[in-house]
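The values are calculated or read from the model by the stated rules, or taken from the named source; none is laboratory data. Please read these numbers as outputs of a predicted model, since none were measured by experiment. Cβ atoms come from the backbone with ideal geometry, glycine included; neighbour counts cover every protein chain shown. All accessible areas refer to the heavy atoms of the entire protein, side chains included, with ligands and DNA or RNA removed. Shrake-Rupley method; radii C 1.70, N 1.55, O 1.52, S 1.80 Å.
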Amino acid sequence: MKKAIHATLSFVLLVPVIAGCVSVREYQKAYLNDEEMQLGERKVAVFEADFHSYREGAVGGTIGNSGSGCGCN
Amino acid sequence: MRLQLIQLFSFLALSAFAQQPQPDSEVKNDSKVLDRTQVDFLFSYYHQEGNNSAVTGGKGTEKLTDVASTIIVNVPVRSTHSIQVEYGISYYTSASSDNINPYSISSASSDNLVHKLDITSSFKDTVNNSQRGFKVGATHQNNFGGIRIGGFYSKESEDRNREVKIQGSISLDKWALYYPISKLYPIELKGQGDLVDTDKRYSYNFSLAYKQILTTRLQMQLAGELIYQTGLLSTPFHRVYFTEQDAPKLEKLPSHKLRIPLTLRLNYFLLDRLIVRSLYRFYVDDFGVRAHSINIELPFKITNFFSLYPFYNFHTQTAANYFKGYKEHNLSEKYYTSDYDLSNLISYELGGGVYYAPVYNIATIKRRKKNRHAIAWKKLELRYAYYKRSTGLYANIVSTHFGFIF
């Protein structure tokens, strides 16, 4: 669990560093607004995410409602 | 320590907003705000084969077929308020669960339906660039069910280059909703009294995500989650066999579990027609599972509205401290499982998809009433994946997504 805490701390320390990046204006966001560029799971991949959470011990971290359900099928 | 961790994470993430806002006089792009009801239909077919079923103690068929469909209806009540209703139903047949018919001691085939319903109400504050909402949901299947409630809050920076999202939820689940949990025990263990301390499982979930635009072609998201579970975390029909005896015992696991996944997403518009979508996840829990997962997806835009994408997932994990295979456990152990989902394993998934969403719709259906919008078929997505695990389990999954606007 100590390693997890170290990893978490390293991870969150990245945030203020990254936050100093350049500002991109609205008219410069043509690429970023593309549907394929959206951050997050594709809706069509939701079933695969379910089965990954059953067939592997690891779940979550993708901003959903993880941790519930029996996964017993 | 957990509280300190949450406070530190929150402070550092929110500190990004303490910077001076960038002057930005451009009109904000509100094109993502829905002004019509959006309806998504999702379907999937999944089939797996393997030979390490936990129901039969880590030895025996894991053959399983699951057909699932979900409908998501997003209704904009006002320009700043929307309600989303998501209902999913899946039907699975599982060879390994043939022995867990609670009303029978015979090995009748067991067919199962799973229902899931989630209702989310979201409010947008366009002045503060923030959004908040709450969610209620329920899951029901023949041997498990529960309810969940949750809420979220997100805030974008003035220039819309950064966003923080905080989300929390509580799930209250129960095994065997309509009969005593002892009905779910393996046949040979029925009639031995109470083998578990509780039939309830509670999950508490807190997540924090930070999104940042890095360049005109690159954006990222850091996310962390704390999941704390308590109650019956083992499965009341999983057998475990021991070296000292032939008779099995019921799987036994600790009644508390803390899980921490951390993810980093990076999406990069590499060339004019090629995008790189990537995800790395580190996961650790206090059962001893430590995992790394990588996902890479390469959408290639044939036209602006039509893209093809191959993708690849790689996952590796260490075994839970309580895992051993068939007849490898000792009777002196306090906790034990032969569930290969908690074993030391490597898995990969390879697949591809097609995404089509033309500006002027795939098809439209005009309505009789003149003042009503036509029903527009906006999106079509097809996806196939092959999954292989180092334990020998393999699976195929086909999924589709049809998006409409009413």
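Key figures for this structure:
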{"quantity": "Neighbouring partner chain Cβ atoms per residue of B:206-217, average, 10 Å criterion", "calculated": "6"}
{"quantity": "Peptides B:283-289, B:195-201 ordered by average Cβ neighbours within 10 Å, highest first", "calculated": "B:283-289, B:195-201"}
{"quantity": "Nonlocal amide H pairs with B:Asn112, under 5 Å, H built at 1.01 Å", "calculated": "B:Tyr92"}
{"quantity": "Label point 7 Å beyond Cα of B:Val77 along Cβ direction - residues of segment B:139-153 with amide nitrogen under 17 Å", "calculated": "B:150-153"}
{"quantity": "Length added when fully stretched, B:Thr93-B:Tyr335, from 0.36 nm per residue minus Cα-Cα", "calculated": "84.2 nm"}
{"quantity": "Inter-chain shielding of B:357-366 (mean C-beta neighbours from other protein chains, 10 Å cut-off)", "calculated": "0"}
{"quantity": "Residues of segment B:4-405: accessible area per residue with a 1.4 Å probe, Å²", "calculated": "47"}
{"quantity": "Flagged links, alpha-carbon separation over 20 Å, of B:Lys190/B:Lys252; B:Lys63/B:Lys388; B:Lys63/B:Lys116", "calculated": "B:Lys63/B:Lys116"}
{"quantity": "Highest-MSF residue in chain B out of B:Glu86, B:Glu297, B:Glu188 [GNM, Cα springs under 10 Å]", "calculated": "B:Glu188"}
{"quantity": "Of all accessible heavy-atom area on segment B:206-298, the percent that carbon and sulfur account for (1.4 Å)", "calculated": "59"}
{"quantity": "Spatially proximal lysines relative to B:Lys378 (Cα-Cα < 23 Å; intrachain offsets below 8 disregarded)", "calculated": "A:Lys29, A:Lys43, B:Lys32, B:Lys301, B:Lys366, B:Lys369, B:Lys370"}
{"quantity": "Theoretical FRET efficiency, 1/(1+(r/R0)^6), r = Cβ-Cβ of B:Phe300 and A:Arg25, R0 25 Å, to 0.05", "calculated": "0.35"}
{"quantity": "Size of charge dipole - segment B:246-300 - debye, nearest 20, with Cβ of Lys, Arg +1 and Asp, Glu -1, no other charges", "calculated": "120"}
{"quantity": "Label zone at A:Glu35, where the point sits 7 Å out along the Cα-to-Cβ direction: segment B:280-309 residues whose backbone N lies under 15 Å", "calculated": "B:299-309"}
{"quantity": "Cβ charges +1 (Lys, Arg) and -1 (Asp, Glu), total dipole of segment B:4-405, debye", "calculated": "1440"}
{"quantity": "Protection-proxy order for peptides B:268-276, B:340-348, each taking the mean of Cβ atoms within 10 Å per residue, highest first", "calculated": "B:340-348, B:268-276"}
{"quantity": "Rg followed by Dmax, in Å, when chain B is reduced to its Cα trace", "calculated": "23.9, 78"}
{"quantity": "Peptide-level mean, for B:348-356, of C-beta atoms on other protein chains within 10 Å", "calculated": "1"}
{"quantity": "Where B meets A: accessible area buried, both sides, 1.4 Å probe, Å²", "calculated": "7800"}
{"quantity": "Residue-averaged [θ]222 nm for chain B, counting only DSSP H segments that reach four residues, each worth -39500 (n - 2.57)", "calculated": "-1000 deg cm²/dmol"}
